[in-house]
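J.: Please read through the structure below; I'll follow up with questions.
No value in this document is a laboratory result; all are computed from the given coordinates. Since we're looking at a predicted model, the values are computed, not measured. Cβ placement follows ideal geometry from the backbone for every residue including glycine, while neighbour counts extend to all protein chains displayed.
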Amino acid sequence: MSGAPLRNLDTRPAALDVKRLRREFPVFDAHPELVFLDSGASAQKPRSVIDGVAEFYRSEYANVHRGVYALSARSTDRFEEAREKVRAFLNARDEREIVFVRGATEAINLVAQSWGPAFLKEGDEIVVTELEHHSNFVPWQMLCQRVGARLVMAPIDATGGLDLARFEELLTPRTKMVALTHISNVSGALLPVERIVQLAHAKGAKVLIDGCQSVPRMPVDVQAIDCDFYVFSGHKAYGPSGIGVLYGRYDVLAAMPPWQTGGGMITTVTLERTEFQEPPHRFEAGTPDISGAVGLADALDFIEAIGRDAILDHEETLTGYGVDRLSRVPGIEIVGAGQRRLSILSFNLDGVHPHDVGTVLDQHNVAVRVGHHCAQPLMDRLGVAGTVRASFGVYNDEADIDRLVAAIEAAREMFCR
């Protein structure tokens with residue numbers, strides 16, 4: 001594997017039984033030849049999540065928080081139990097620090113549109129990195145344009161990792177927010193978020209971390225990281241689409257005004273004024289995705305049953321194997337990821353458009369993502385229009401990477417004669 005290992009070999013847990021785990025995903029019953037290497041975009045769903053959501057709709061569904069009848073009370077319990085499940089999963093201090101949203105994109109927009117105008121003024125700065133997904137770039141860009149603040153981009157270094165020395169130089173007393181990814185959705189670069197938070201807090205800045213790629217793959221402890229905000233999407237963590245999480249330190253959330261308004265997030269409404277609930281309900285206007293929260297809780301149970309350390313070890317091993325196998329293919333250039341890379345490999349085949357490579361791979365039943373991966377500033381820095389991206393899940397093994405390499409060889413034979 002490129003870069004330093006994430007753990008000592010002696011502490012690694014037992015290897016995953018991938019064949020058994022694969023049987024937990026009905027999609028592979030429907031498509032037994034499928035090699036699914038697109039979990040970075042959205043993971044497949046285990047039977048426990050699919051059945052859990054279906055059973056909830058069959059026997060427990062009602063609207064939450066407002067009903068006095070037993071079915072509504074039970075539905076509310078399931079919804080709030082899911083919140084507690086997320087709190088424990090992230091090791092947040094208080095379940096009031098967990099806000100349910102539609103996904104990480106909505107979570108970041110919530111912070112940008114609520115915290116931003118309340119605490120940012122002309123001349124202030126927001127620091128992002130060149131590794132960011134558009135969802136952790138465009139909301140800050142628009143916020144800066146709105147209030148007259150300045151958006152500052154911390155660069156990557158020659159290896160593809162964040163240039164930490166340059167990042168530290170960019171922090172000033174004007175820096176009010178640092179927004180960065182935990183794991184790059186393009187390269188798999190794993191950022192030293194604990195150190196970054198320390199540096200940002202020393203300048204008085206808040207920190208938001210995009211954990212979409214990290215939550216499904218490794219232990220995450222928001223208290224240990226000491227970030228102010230942490231976001232992730234359920235659909236990348238083996239859960240349903242349409243549900244996501246915003247973690248925010250309670251004191252920070254309590255100082256933020258509502259972003260959306262309507263039902264459920266108020267205490268009193270009169271013609272003259274409205275009083276709002278405390279977090280998290282202040283930020284959950286309207287009927288929430290109740291079944292999505294229930295399904296997300298089931299997905300987190302699925303991850304915990306496997307063991308996050310075991311998943312981390314498995315995907316670290318796969319990543320190293322993938323780097324080794326792809327590096328041996330003539331004409332392949334792998335996007336660099338700095339000192340640590342996890343679960344995501346982006347590459348190009350010399351002289352061949354990524355879409356053409358992806359099409360040939362699909363003909364061999366290998367599903368990958370192609371394009372700019374919603375990270376055009378990074379593509380500009382790399383000097384490419386896009387890449388082919390393979391990303392791993394608990395249902396992948398070395399044989400899948402062998403199939404990927406065989407399909408790439410077929411593409412190379414077709415286009416590079």
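J.: Over region 259-417, what is the relative contact order in whole percent, taking alpha-carbon pairs under 8 Å and six or more residues apart?
T.: 19
J.: Turning to a different aspect of this structure: Can you put Lys236, Lys176, Lys45, Lys19 in order of Cβ neighbours within 10 angstrom, beginning with the fewest?
T.: Arranged by neighbour count, lowest to highest, Lys236, Lys176, Lys45, Lys19 become Lys19, Lys176, Lys45, Lys236.
J.: Apply the a/c threshold of 1.5 to the C-alpha gyration tensor of region 66-192 and tell me whether it is rounded, prolate or oblate.
T.: Note, shape of region 66-192 comes out prolate.
J.: Tell me, what is the FRET efficiency for Lys121 and Ala202 to the nearest 0.05, using R0 = 30 angstrom and their Cβ-Cβ distance as r?
T.: 0.90
J.: Which residues' amide hydrogens lie under 5 Å from the amide hydrogen of Glu284, considering only partners 5 or more residues apart or on another chain, with H built in the peptide plane?
T.: Long-range HN contacts for Glu284: none found.
J.: I've got another one for you. Between Ala88 and Gln376, 0.36 nm times their residue separation minus their Cα-Cα distance comes to what?
T.: 100.2 nm
J.: Could you derive backbone 3J(HN,Hα) for region 327-339 from the dihedral phi with the Karplus parameters 6.51, -1.76 and 1.60 (θ = phi - 60°), listing whole Hz in sequence and x where the residue is Gly or Pro?
T.: 5, 8, 7, x, x, 8, 10, 8, 5, x, 9, x, 6
J.: Next question. Which aspartates and glutamates have a Cα lying under 13 Å from the Cα of Lys176, excluding residues fewer than 8 positions away in the same chain?
T.: Glu122, Asp124, Glu125, Asp228
J.: Using a simple spin-label model with points 7 Å from Cα along the Cα→Cβ vector, what separation in nm is obtained for Asp309 and Gln141?
T.: 4.2
J.: When a/c reaches 1.5 or more, the comparison of a/b and b/c decides; with that in mind, is the chain rounded, prolate or oblate per its Cα gyration tensor?
T.: It comes out oblate by the Cα gyration axes.
J.: Further question on the same structure: Over the chain, what is the relative contact order in whole percent, taking alpha-carbon pairs under 8 Å and six or more residues apart?
T.: This gives 24 percent for the chain.
J.: What are the ³J(HN,Hα) values, in whole Hz, obtained from phi via the Karplus relation 6.51 cos²θ - 1.76 cosθ + 1.60 with θ = phi - 60°, for each residue of region 150-156 in sequence order, with x given for Gly and Pro?
T.: Calculated HN-Hα couplings, in order: 10, 8, 10, 10, 7, x, 8 Hz.
J.: Using a Förster distance of 30 angstrom, determine the FRET efficiency expected from the C-beta separation of Gln260 and Tyr57, and round it to 0.05.
T.: Efficiency for this residue pair is about 0.75.
J.: Could you work out how far helix 138-147 tilts from the main Cα principal axis of the chain, as a 0 to 90 degree angle to the nearest 10?
T.: 40
J.: Now a separate question. If you keep only loop residues by DSSP, which trypsin sites (Lys or Arg not before Pro) in region 305-341 have at most 14 other Cβ atoms within 10 Å of their Cβ?
T.: Those that pass, being in a loop and sparsely packed, are Arg328.
J.: Place a point 7 Å from Cα of Glu168 in the direction of its Cβ. Which residues in region 175-198 have their backbone N less than 11 Å from it?
T.: Only 196 fall inside the zone, counting backbone N under 11 Å.
J.: Give the order of Ser346, Ser291, Ser327 when sorted by the count of other beta carbons within 10 angstrom, beginning with the fewest.
T.: Ranked by crowding around the Cβ, least crowded first: Ser327, Ser291, Ser346.
J.: Order the peptides 177-189, 85-97 from the highest to the lowest mean number of other Cβ atoms within 10 Å of their residues.
T.: Top of the packing list down: 177-189, 85-97.
J.: Would you mind ranking Tyr69, Tyr250, Tyr57 by Cβ crowding within 10 Å, fewest neighbours first?
T.: Tyr69, Tyr57, Tyr250
J.: Further, regarding this structure: At what distance in nm do the modelled label points of Arg47 and Asp324 sit from each other, each positioned 7 Å from its Cα along Cα→Cβ?
T.: 3.3
J.: Here's another thing I want to ask about it. Quick one: among Phe100, Phe28, Phe229, which has the greatest mean-square fluctuation in a GNM of the chain with alpha-carbon springs under 10 angstrom?
T.: Top of the fluctuation ranking is Phe28.
J.: Taking 7 Å along the Cα-to-C-beta vector as the label spot, tell me the Thr159-Thr287 distance in nanometres, rounded to one decimal.
T.: About 5.2 nm separates the two model spin labels.
J.: Take peptides 102-110, 405-413 and line them up by average Cβ neighbours within 10 Å, highest first, as a rough protection proxy.
T.: The most tightly packed comes first, giving 102-110, 405-413.
J.: When the helix-only estimate is applied to the chain (DSSP H runs of n ≥ 4, each -39,500 (n - 2.57), divided by the residue count), what is the mean residue ellipticity at 222 nm, nearest 500 deg cm²/dmol?
T.: The helix contribution divided over the chain gives -12000 deg cm²/dmol.
J.: If the limit is 27 Å between Cα atoms, which of Lys45/Lys85; Lys85/Lys203; Lys203/Lys236; Lys19/Lys45; Lys85/Lys121 go over it?
T.: Check vs 27 Å cut-off fails for Lys85/Lys203; Lys203/Lys236; Lys85/Lys121.
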